[in-house]
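Engineer: Below are the structure tokens for one structure; questions will follow.
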Amino acid sequence: MMINNIVNKLFTVFIVMLTVVARAHAAEKRIDRVADPVIIAGAKLESLLGENNENIRVYSFTDGNMRPVPFQIDERGPDGDLVFPFGPQKSEDVDKGLFDKNDELVVMISDFGARAAPDYWPPGYNKFAEITAVDPLNGATAHLYAFSFDNPPPRSDVDYVSISEDARTVTAWNYIISFGKEAPIGFDSLAITPAGGGNGINSVDRLKIRVKTVIRMVKITIEKSEVDFTSDLLAYIDGPVRVIRRTNNKMVIFWKIASPGSVINNIFYRDSFEFPTEVQVPFDIGLLAESFQFRVITDGNENQRGKVFINENNPDGVVFDGVMSEAEKNLDLSPYKWSVVYGTEEGRRGAWINRLEFDSELEAVPSLYYMDDITALQPPENTPGQFGALGYDVGKMETITKGVWRLTSIMYNCPEYARGDEIEYLNILDHPVEISVK
């Protein structure tokens, strides 16, 4: 009998120890990624299909508690296109607000937490989905929980990003960006907030788009800039995790004659934004153009002074000061996929990490454009000269054949940058987190 009592006590202690260990392990968030957006197709969230979007909530288990986290559900229509609820050409909600297979649940990886036992789950839910994220580089995991309710509890009051009523300014936690009035296809203000490692002051002159082509038959040179583009706002999505701004963009070729429209979705998250470029090519460009050059530049202003530029081909770095040094004159301008501009002052160590995605199999690939000379005028511009003007120069576009040419520029903000930190942000695309749902 005594032996049985001892065994029972030992067994009880063993069970208690397992529970303590399990709960301690559950409270530990092991995945350490921060800036990855996580987009989960409705088809993966089978248990929530047919639920009213307004009745869905998402929770994270952090520090022993379940807390609501920012999320949004972006709907897609039967054609697979996003449903845009705001703007002059807003979409019709054909799903009647019900969650279906082609809709998207959008969250940030930083809001994932530990795994939670059911006794921690919020009361009153009808259906649930446990979402697991795995870092493919080290196997680290983290979890989120999506629930549906008849009487849903309050949402998270956190709003990572928003867009102004006129849809010109996007305000995110880590940055503020505004599109120009004179040239609305690009921005003329970009500031890193204190949360992003900046001081909230605009550091750019404007986004410059320059096109130069020589017509083959008549040897006429045509040059265009960002002011020769029209950019009409079509619609937008404004959620707590991402803003998507859809525009129709055309280049005025001659008088009122414009190129075919190109519909673009600019996407903004808490600490990143995406600028895709898509050119619909109706014929082989070389049949018409002897040469064709496309250049996109972010020109800075005096607030760029002291910042450092590096990229994969120029790891030693150069400093913006408005005067071209010998090191700057001898930069390697060959094609690249990432670059960094970062501050070095205390409280202003925020960085922009630029990632380029393009078809490297084509001859028309982006080479580095760099100019740090305030005497080098490049009109049209708001501030004369080029102060840390940085971008890409795509030559040989005359080699592009009929089809669609795409290039996407993604800007990631790193609040406290140190050399090598860019790898974490490059991994977002190179080694995306793996998502499973049960």
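Engineer: Between Leu137 and Glu104, what is the label-to-label distance in nm when each label sits 7 Å out along the Cα-to-Cβ direction?
Structural biologist: 2.3
Engineer: While we're here: Using only alpha-carbon positions, what ratio does the radius of gyration of segment 271-407 give when scaled by 2.2 N^0.38 Å? Provide the component values of the computation, followed by the final result.
Structural biologist: Numbers: Rg = 16.3 Å, N = 137, 2.2 N^0.38 = 14.3 Å.
Output field value: 1.15.
Engineer: Which of Phe149, Gly317, Cys414 sits closest to the plus end of the dipole of the chain, meaning its Cα is farthest towards the positive end, when Lys and Arg get +1 and Asp and Glu get -1 on the C-beta?
Structural biologist: Projecting each Cα onto the dipole axis, the largest value belongs to Phe149.
Engineer: I've got another one for you. Across 10 Å bins from 0, what is the distribution of all Cα-Cα pair distances for segment 161-430, in whole percents?
Structural biologist: Cα pair-distance distribution for segment 161-430, in percent: 7, 29, 38, 22, 5, 0.
Engineer: Just name one of Val83, Trp352, Val308: the one whose Cα is farthest towards the positive end of the charge dipole of the chain (beta-carbon charges, Lys/Arg +1, Asp/Glu -1).
Structural biologist: Result: Val83, furthest along the dipole toward the positive end.
Engineer: With +1 on each Lys and Arg Cβ and -1 on each Asp and Glu Cβ, and nothing else charged, work out how big the dipole of the chain is about its Cα centre, in Debye to the nearest 20.
Structural biologist: Dipole of the chain, to the nearest 20 debye: 420 debye.
Engineer: In the structure displayed, which of Lys307/Lys402; Lys90/Lys396; Lys208/Lys402; Lys44/Lys250; Lys96/Lys127 lie more than 31 Å apart, Cα to Cα?
Structural biologist: Those over the limit are Lys307/Lys402; Lys90/Lys396; Lys44/Lys250.
Engineer: Evaluate the charge dipole of segment 174-229 about its Cα centre and quote only its size in Debye, nearest 20, assuming +1 on the Cβ of each Lys and Arg and -1 on the Cβ of each Asp and Glu.
Structural biologist: In total the dipole reaches around 360 debye.
Engineer: Here's something else I'd like to know. Taking Cα centroids, how far is segment 210-246 from segment 73-108 in Å?
Structural biologist: Cα centres, segment 210-246 to segment 73-108: 26 Å.
Engineer: Rounded to the nearest 10 degrees, what's the angle between the helix 2-26 long axis and the longest principal axis of the chain, both from Cα atoms, 0 to 90?
Structural biologist: 20
Engineer: Using mean Cβ contacts within 10 Å as the protection proxy, how do 61-72, 103-114, 228-239 order, highest first?
Structural biologist: Values: 61-72: 17.2, 103-114: 22.5, 228-239: 19.5.
Listed from highest to lowest mean packing, they are 103-114, 228-239, 61-72.
No lab work stands behind these numbers, since they all come straight from the coordinates. Note that the structure is a prediction, hence the values are computed from the model and not measured. All Cβ positions, glycine included, derive from the backbone under ideal geometry; neighbour counts span all protein chains shown.
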